[in-house]
1. Using a 1.4 Å probe on the protein chains only, how many percent of the accessible area of the stretch 32-163 belongs to carbon and sulfur?
2. Size of the dipole of the stretch 165-289 about the Cα centre, Lys and Arg at +1 and Asp and Glu at -1 on the beta carbon, nothing else charged, in debye to 20?
3. Please work out the average accessible area per residue across the chain, using the 1.4 Å probe convention, and give it in Å².
4. Probe radius 1.4 Å, ligands and nucleic acids left out: which of Arg25, Arg154 has the largest accessible area, and how do the rest follow?
5. Top to bottom by accessible area (1.4 Å), largest first, where do Tyr127, Tyr205 land?
6. About the Cα centre of the chain, how large is the charge dipole given +1 on each Lys and Arg Cβ and -1 on each Asp and Glu Cβ? Please answer in debye to the nearest 20.
7. Taking the DSSP beta bridges in the stretch 192-289 as the whole, what percent of them are antiparallel, to the nearest 5?
8. Taking the Cα centre as origin and putting +1 on Lys and Arg beta-carbons and -1 on Asp and Glu beta-carbons, what dipole magnitude results for the stretch 99-224, to the nearest 20 debye?
Amino acid sequence: MQAELILACRAEHAEGPIWDAATSRLWWVDITGHRLHVFNPASGQDCSWDTGQDVGAVALNQQGDPVIALPNGFALFSPATGDAQPLAEVEAGIVGNRLNDAKCDPFGRLWTGSMAYDRRPGSAGLYLLEATGIVRQAAKDLTIVNGPAFDPERGRMYLADTGQGQILVYDYTVASGAIGDRNVFVDLTDSGGWPDGMTVDDDGYLWVAVGRESAVRRYDPDGQLDGQVTLPVTNPTSVAFGGADRGDLYITTSWFDLTASQRNEQPLAGSLFVARPGVTGPPAVRFAG
């Protein structure tokens, strides 16, 4: 299946799409472009705001206001004023790291991963922001953390360690948010693919954006490849289900890691795409804090 262009925007490093069912809007970020975006598929209009620094991800709180992942923690962002009010520090004392992807679990707890700017192996962690504002470390010794994605029916949390080329799976207790030991779910090191942002559909299958492979792949619960969406750009970065029937698969892409010649050859890199894969997925959960 081929993805279709839905927004030609040439973002530098588009990431982290989330579908807000209450407003029928797709929120996303341009990490290194320092911008927070919201897209209306019905009108084709995209609005954006300058965050002033790298912005790894966005979630919405119970009032529908954006909570953004900045390099050293979470902040409540005001589109009206452009101000970011700090909510919680994460890795504030670690020089050279920044927060990367973030997603809310079914209980509205906000999970985020980190990475080092120089991509040092083992320098990243996984963190959980509770509704109370307390932050705790859930995992360490990671490299570039993307995801997570949740399968509450099977008691699983999936995570991509992009730097290691692996999709990981953890035992996951929905009620408490506790996770167990990690295991490798899919290993892409032989192909050189970059497993990136992900989501779980309503059938319990995992969808993963695979950088360097121009593809979004669907894996069954046993880790077997079940299907693929192809794109006209090298580096898809993340995915989210949305739309009126929750059957639209939105895909963000990037040109940040491309060479100068590749950027010239891929004028649509950094744009947003959509596919209709014939399955549905849940909208984003709002942060409980």
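The values are calculated or read from the model by the stated rules, or taken from the named source; none is laboratory data. Everything numeric here is computed off the predicted structure, so don't read it as measured data. For neighbour counting, all protein chains shown are included, and Cβ atoms are generated from backbone atoms with ideal geometry for every residue, glycine included. SASA here: full protein model, heavy atoms, side chains in, ligands and nucleic acids out. Shrake-Rupley method; radii C 1.70, N 1.55, O 1.52, S 1.80 Å.
1. Details: 2530 of 5240 Å².
Roughly 48 percent of what the probe reaches on the stretch 32-163 is carbon or sulfur.
2. Details: 8 positive and 16 negative charges, 90 e Å.
About 440 debye.
3. Values: 11440 Å² over 289 residues.
On a per-residue basis, the chain sits at 40 Å².
4. Values: Arg25 80, Arg154 110 Å².
Sorted by accessible area, descending: Arg154, Arg25.
5. Values: Tyr127 25, Tyr205 55 Å².
Correct descending sequence by accessible area is Tyr205, Tyr127.
6. Details: 20 positive and 36 negative charges, 60 e Å.
The calculation lands at about 280 debye.
7. Numbers: 26 of 26 bridges.
Restricted to the stretch 192-289, the bridges split so that about 100 percent are antiparallel.
8. Values: 12 positive and 19 negative charges, 92 e Å.
The calculation lands at about 440 debye.
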